[in-house]
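Visitor: Have a look at this one.
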Amino acid sequence: MSTSTEISAPAGREPTADGPDRSTPATRPKPGSRRDRVAYLFLAPWFVGLLLLTAGPLLGSLYLSFTKFNLLQPPAWTGFGNYLKMFTDDPRYLQSLKVTFIYVVLTVPLQLGFALAVAVMLNRPLRGMAWYRSIYYIPSLLGGSVAIAVIWGQLFDDDGVLNSFLAFFGVAGRSWISSPDTALYTLVLLNIWQFGSPMVIFLAGLKQIPQELYDAASVDGASSWRRFRSVTVPLLTPIIFFNVVLQIIQAFQAFTPAYVVSGGSGGPSDSTLFYTLYLYQQGFTNLNMGYASAMAWVLLLIIATFTLINFGLARRWVYYEDR
């Protein structure tokens, strides 16, 4: 006669077959415990830097934007005088807005389109592809430097490389940088050439798209263009959205190319007078720091507005798999 023995678990606990008992929740440290104090101690340098190097100057510039301040005398309160002057009594400010908006509208879609095309081309299992990716990324490593801006200016100068190349074929060149009709477009071309960063981000997004989707589309008879339009682009919309927001912010803040190529003057007829360049002229050339601070806050509002618009429109075209 066999006797079965039943083993019961202790009260309040359930035996598990796949591991140790997890019914008892982990004990969390109480707020203000020694563990929290140690964590805040390690975070203290960051908080100090935030207050002294970011929040403090930010609030200081907000105050200075309502004053007349030349760095040599105490600030004099003027209220909204600086902001009113921008839009009613400063044609160069309006010109800087116009130039910057044209630059943003041209460079962002062209650069992202070129970066996406190169990323798709580099997303192939070919021998030596890692070297090609590195070569295509090099312009982004060098593009923000003063040296590259100087070389770019010499490339499009009156007696530069481009005109010498055209002269070899008997084509008369032109003053690309010193002409108000073409000066801005040389800087647009420079920014498009620096496509490496968005290209790498696009390439990372392409690697996350399952190959099975392309195989299924091929079985259904979809062409390469149809697979790109119906599979690649929809699944890549979160990456496209990220790059659009990032590149718009960077385009509004462009400074070095315009400063170096134009010699800090803003080019012929202010054709390359970027917003940041005019802000620099007002603050550090004319010592009109109050006006420059007001310009900086307007730029912050412009960038914030474009970012909010992008986030609002993203609900209509950005596709997330978990939705």
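The values are calculated or read from the model by the stated rules, or taken from the named source; none is laboratory data. Note that this is a predicted model, so its numbers are computed, not measured. Cβ coordinates were reconstructed from backbone atoms using ideal geometry, including for glycine residues, and neighbour counts include every protein chain displayed.
Visitor: Which residue is surrounded by the fewest Cβ atoms within 10 Å (Cβ to Cβ), if the candidates are limited to the stretch 269-322 and must be aromatic (Phe, Trp, Tyr) and over 30 Å from GLN73 (Cα atoms)? It would help to see each step written out before you state the result.
Guide: At the first step, the residues of the stretch 269-322 found to be aromatic (Phe, Trp, Tyr) are 274-275, 278, 280, 284, 291, 297, 306, 311, 317, 319-320.
Subsequent filtering for residues that are over 30 Å from GLN73 (Cα atoms) retains 306, 311, 317, 319-320.
Numbers: PHE306: 17, PHE311: 12, TRP317: 11, TYR319: 12, TYR320: 9.
Looking at residues that are aromatic (Phe, Trp, Tyr) and over 30 Å from GLN73 (Cα atoms), I get TYR320.
Visitor: Which residue pairs have Cβ atoms closer than 7 Å, lie 6 or more positions apart in sequence or on different chains, and pair a first residue in the stretch 296-323 that is free of Cβ contacts under 8 Å to residues at least 60 places away in the same chain and within 22 Å of PHE255 (Cβ to Cβ) with a second residue that is aromatic (Phe, Trp, Tyr) and not in a loop (DSSP other than H, G, I, E, B)?
Guide: LEU299/PHE252; LEU299/TYR275; ILE302/PHE252; ILE303/PHE252
Visitor: Still on this structure: Identify, by number, the condition in (1) of a type in the set (Val, Ile, Thr); (2) touching a helix residue (DSSP H, G or I) at 6+ places or on another chain (Cβ under 8 Å); (3) surrounded by 14 or more Cβ atoms within 10 Å (Cβ to Cβ) that ILE151 doesn't meet.
Guide: (2)
Visitor: A further question follows. Do the conditions hold for VAL118, that is, is it β-branched (Val, Ile, Thr) and within 30 Å of GLY264 (Cβ to Cβ)? Show your work before the answer.
Guide: Values: β-branched (Val, Ile, Thr): yes; within 30 Å of GLY264 (Cβ to Cβ): no.
No: the conditions fail for VAL118.
Visitor: Here is a further query. Got at least one residue in the stretch 90-100 being surrounded by fewer than 10 Cβ atoms within 10 Å (Cβ to Cβ) and within 23 Å of GLY267 (Cβ to Cβ)? Give the derivation first.
Guide: So in the stretch 90-100, the residues surrounded by fewer than 10 Cβ atoms within 10 Å (Cβ to Cβ) come out as 91.
The next check asks that each one be within 23 Å of GLY267 (Cβ to Cβ); those that pass are 91.
Checking the stretch 90-100: at least one residue is surrounded by fewer than 10 Cβ atoms within 10 Å (Cβ to Cβ) and within 23 Å of GLY267 (Cβ to Cβ).
Visitor: For the stretch 145-194, how many residues meet the condition of being touching a residue at least 12 places away in the same chain (Cβ under 8 Å), in a loop (DSSP other than H, G, I, E, B) and of a type in the set (Phe, Trp, Tyr)?
Guide: The number of residues fulfilling the criteria is 2.
Visitor: Can you find a residue in the stretch 175-186 that is among the hydrophobic types (A, V, I, L, M, F, W, C) and surrounded by fewer than 17 Cβ atoms within 10 Å (Cβ to Cβ)?
Guide: No, there is no match, as no residue in the stretch 175-186 is among the hydrophobic types (A, V, I, L, M, F, W, C) and surrounded by fewer than 17 Cβ atoms within 10 Å (Cβ to Cβ).
Visitor: Let me ask you something else. Kindly evaluate PRO139 against the criterion of being touching a residue at least 12 places away in the same chain (Cβ under 8 Å) and touching a Pro at 6+ places or on another chain (Cβ under 8 Å). Step through it out loud before you land on a result.
Guide: Numbers: touching a residue at least 12 places away in the same chain (Cβ under 8 Å): yes; touching a Pro at 6+ places or on another chain (Cβ under 8 Å): no.
It is false that PRO139 is touching a residue at least 12 places away in the same chain (Cβ under 8 Å) and touching a Pro at 6+ places or on another chain (Cβ under 8 Å).
Visitor: Let me ask something else about it. Tell me, which residue of the stretch 250-279 that is in contact with a Gly (Cβ under 8 Å, 6 or more places away or on another chain) and not hydrophobic (A, V, I, L, M, F, W, C) is nearest to ILE148 (Cα to Cα)?
Guide: Filtering the stretch 250-279 for residues that are in contact with a Gly (Cβ under 8 Å, 6 or more places away or on another chain) and not hydrophobic (A, V, I, L, M, F, W, C), the one nearest to ILE148 (Cα to Cα) comes out as THR256.
Visitor: Moving to a separate point now. Identify, from the list LEU106, LEU110, LEU84, LEU51, the residue that is at pLDDT 95 or above, over 22 Å from VAL298 (Cβ atoms) and part of a helix (DSSP H, G or I).
Guide: Every option except LEU110 fails the conditions.
Visitor: When you scan the stretch 247-285, how many residues do you find that are small (Gly, Ala, Ser), farther than 15 Å from THR186 by Cα and without any contact (Cβ under 8 Å) to a residue 24 or more places away in the chain?
Guide: Of all residues in the stretch 247-285, those small (Gly, Ala, Ser) come to 251, 254, 258, 262-267, 269, 271, 283.
Still in the running and farther than 15 Å from THR186 by Cα: 264-265, 269, 283.
Now narrow it down to the ones that are without any contact (Cβ under 8 Å) to a residue 24 or more places away in the chain: 264-265, 283.
The qualifying residues number 3.
Visitor: A further question on this structure: How many residues does the stretch 286-295 hold that are outside any helix (DSSP H, G or I) and in contact (Cβ under 8 Å) with a residue 40 or more places away in the chain? Reasoning before the result, please.
Guide: Residues of the stretch 286-295 that are outside any helix (DSSP H, G or I), as a first pass: 286-288.
Still in the running and in contact (Cβ under 8 Å) with a residue 40 or more places away in the chain: 287-288.
So the answer is 2.
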